[in-house]
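Here the structure is laid out as structure tokens; the discussion comes afterwards.
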Amino acid sequence: MISIAKKIYWTGKNVLLFPFLLVDLIAFKRHDATHRFSLRLKNIYPQIFDKTTLTGFDRHYVYHTSWAVRKVRDINPSVHVDIASSLYFPGLLSAFIPVEFYDYRPAPLHLSGLTTAHADLTDLHFADNSIASLSCMHTIEHIGLGRYGDPIDPDGDVKACAELARVLQPGGSLIFVTPVGKEAMIQFNAHRIYTYDLVTTLFPTLRLKEFSYVPEFGPDGIHEHADPAELNTERYACGLFVFQKPTT
């Protein structure tokens, strides 16, 4: 009874603050001739922020995962290994390319073409030069900050990037995504923001094949093959990098 009372109070409060809820409810009941669903006060679940002219979305996560799927499609490996990226990425990619997904906190996903397991990005269990197609996206910026239960380590990101470079096969590709901007900073304990130069120095043994980015704001999407100087006006953009390990 207490939970129902709270819901009734919350519903009434929203109706008072946002009278369109009451207008819509009355209109719905007026037009609902068949009563196919029950409509009770205790089940009302007000959503008050979705009447927008455009569909909102997280620019970083929609664009970078879409970009990365296209990159792996072009590589077309027999298997792709992903370390702790957004779960939407390995889930979708596994529909047409087998994916091995690893995370410090394993994700119990059950999809055909997808296997999941634990891995510590600062101490990967893979052999040297063993992975031909590898990704690690929107992950490095968190390593060592303790946000996800990992040990505090100011150089955790440096160690993790060294591990990614170690396990990458000569000729292999690393798809790497992290926040970038005009100034390097830590927004503790959420994430780091890198400069373009800081990212490239994290991988001294790899060759940069592509730099693109998603601006923090604006109507456009991915800036493909961008000039790093464009980041001089960005505070929290999404950096999209493709690295390759030299064969000699």
>> Need one number: nm distance between label points at residue 55 and residue 155, each 7 Å from Cα along Cα→Cβ, rounded to one decimal.
In response: 4.6 nm
> Can you put 57, 211 in order, fewest other beta carbons within 10 Å first?
Replying inline: 57, 211
> Comparing 125, 191, 35, which has the greatest mean-square fluctuation in the GNM of the chain with Cα pairs linked when under 10 Å apart?
Replying inline: 35
> Given 0.36 nm per residue, what is the gain on full extension from residue 216 to residue 29 after removing their alpha carbon distance, in nm?
Replying inline: 63.1 nm
> If we count other beta carbons within 10 Å of each Cβ, what is the order of 177, 214, 79, fewest first?
Replying inline: 79, 214, 177
>> So if each residue of separation counts as 0.36 nm, and I subtract the Cα-Cα distance between residue 208 and residue 125, what length gain in nm does that give?
In response: 27.4 nm
> Taking the Cα centre of the chain as origin and charging only Cβ (+1 Lys, Arg; -1 Asp, Glu), how large is the dipole, in debye to the nearest 20?
Replying inline: 1440 debye
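Determine, for each peptide in 80-89, 97-106, 45-54, 152-161, the mean count of other beta carbons within 10 angstrom over its residues, then list the peptides with the highest first.
For the peptides 80-89, 97-106, 45-54, 152-161, the packing ranking is 80-89, 97-106, 152-161, 45-54.
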>> Of 173, 72, 53, which is farthest towards the positive pole of the chain's charge dipole, taken about the Cα centre with +1 and -1 on the beta-carbons of Lys, Arg and Asp, Glu respectively?
In response: 53
> Using 0.36 nm per residue, how much length does the chain from residue 118 to residue 248 gain when fully extended, once their Cα-Cα distance is taken away?
Replying inline: 43.6 nm
> Could you give the nm distance between label points at residue 47 and residue 233, where each point is 7 Å from its Cα heading toward the beta carbon?
Replying inline: 3.5 nm
> Within the chain, what is the number of lysine pairs with alpha carbons under 21 Å apart, leaving out pairs fewer than eight places apart on the same chain?
Replying inline: 12
> Name the GluC sites (Glu not before Pro) in the range 110-187 that are in a loop by DSSP and that have at most 16 other C-beta atoms within 10 Å, would you?
Replying inline: 183
>> Here are a few candidate values for P(r) over Cα pairs in 10 Å bins from 0, in percent: [x] 7, 26, 27, 16, 14, 9, 2, 0; [y] 7, 31, 38, 19, 5, 0; [z] 7, 22, 26, 24, 14, 5, 1, 0. Which one was actually calculated from the structure I just gave you?
In response: [x]
>> For a quick check: sort 64, 223, 138 by the number of other beta carbons within 10 angstrom, fewest at the front.
In response: 223, 138, 64
> Tell me, how many Å apart are the Cα centres for the range 218-235 and for the range 44-81?
Replying inline: 19 Å
> What's the center-to-center distance, using Cα atoms, between the range 101-121 and the range 168-199 in Å?
Replying inline: 22 Å
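Since every read-out is calculated from the coordinates, none of them should be taken as a lab result. If you're wondering where the values come from, they're calculated on a predicted model, not measured in any experiment. Every residue, glycine as well, gets a Cβ built from its backbone with ideal geometry; the counts of neighbours run over all protein chains shown.
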